[in-house]
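J.: Below is one structure. I have some questions about it.
All of the numbers you see were taken from the coordinates with simple rules; none came from a lab. Computed from a predicted model, the values in this text were never measured in an experiment. Glycine gets a Cβ as well: all are built from the backbone with ideal geometry, and neighbour counts include every protein chain shown.
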Amino acid sequence: MIRKLFLAFILIALGFSLYFNPNFKTIAAGISILLFGMILLEEGFKVFAKGTLQKVLKKATNKLYKSISIGAFVTALIQSSSLVSVITISFISAGLISLGGGLGLIFGANIGTTATAWLVAGFGLKIKISALAMPMLIFGLIFTFQKKESLKGIGNVLAGLGFFFLGIHYMKEGFDVFKEYIDLTQYAVSGFLGVIIYTVLGIIITTILQSSSATLALILTALAAGQIEYENALALAIGANVGTTITAILGSLTANVAGRRLAGAHLIFNVTTGVVALSLIYPLGRLVNILSEIFGISATDYTLKLALFHT
């Protein structure tokens, strides 16, 4: 019932947004294309791996450092910490892995999700990615029509990457057009109050999109277009990290006690790191500036600085 009401609210809000501001449609289309790309990417790896992912996760949880490493690697590969979290919860519910091993995978997934920010900031916003997206879509579609399951999986992965990059392109184009009519920076809230407001906004957006990776892509494209302030973008990123736990909580509703404990631990861990990041946001910002100089990142390259902060 709650999900149906939530869906109805989102559809009505989206309808009003598109009706009263048609310029928003390019951004909305970009988000939709990116999310569809992530779905195809996940499905592709599921088909392509065909049980390999499950075998790897089982073997990687006997040591904490191994479970953290594999959690980070798999999340960076499939671009979805939510998928890794839900799979981990289902494994614990089935008694396939221990709670300790599951915690390691969840912690690793939090590390691996930072790859999205680097992918978008360092690659997606620096070159004309739409030119790369089209060949990926073409070859991906050809592979998906093949009978062999592994080729279909590769096709889904290629098509997923193509849609992912195409979505970023449309989001960037949308914000470039959008800023000609509405300057969102005039609604920026400075100081710690602004940090709190934008953190909550980040949680809400991630809850709606059900993907912190999609939220980060949205934040980075808006930041690149000059539609949000850097400080507010940092707070949005913190909110996205907290909001991503909602998917795991929803996935644990049908799980056993151990699965619900893992979802609870995931929530506590992300909320705790979020509170720490909020408390130290200004010192962390200064640390990012110092590290940016060391790594040769320009002082005005706020997208890469945000990726560094997120990491």
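J.: Can you compute 3J(HN,Hα) from phi for each residue in region 230-242, using the Karplus curve 6.51 cos²θ - 1.76 cosθ + 1.60 with θ = phi - 60°, rounded to whole Hz and x for Gly and Pro?
T.: Here the 3J(HN,Hα) series is 4, 4, 5, 5, 4, 5, 4, 5, 5, x, 4, 5, 6 Hz.
J.: Given R₀ = 45 Å, what would the calculated FRET efficiency be for Asn289 paired with Val257, taking r from the Cβ atoms and rounding to 0.05?
T.: The value I calculate is 0.50.
J.: Further question: In nm, what is the difference between 0.36 nm times the number of residues separating Val200 and Ser279 and their Cα-Cα distance?
T.: Going from the current span to full extension adds 27.0 nm.
J.: Relative to the present Cα-Cα distance, how much length would full extension add between Leu267 and Glu149 at 0.36 nm per residue of separation?
T.: 38.9 nm
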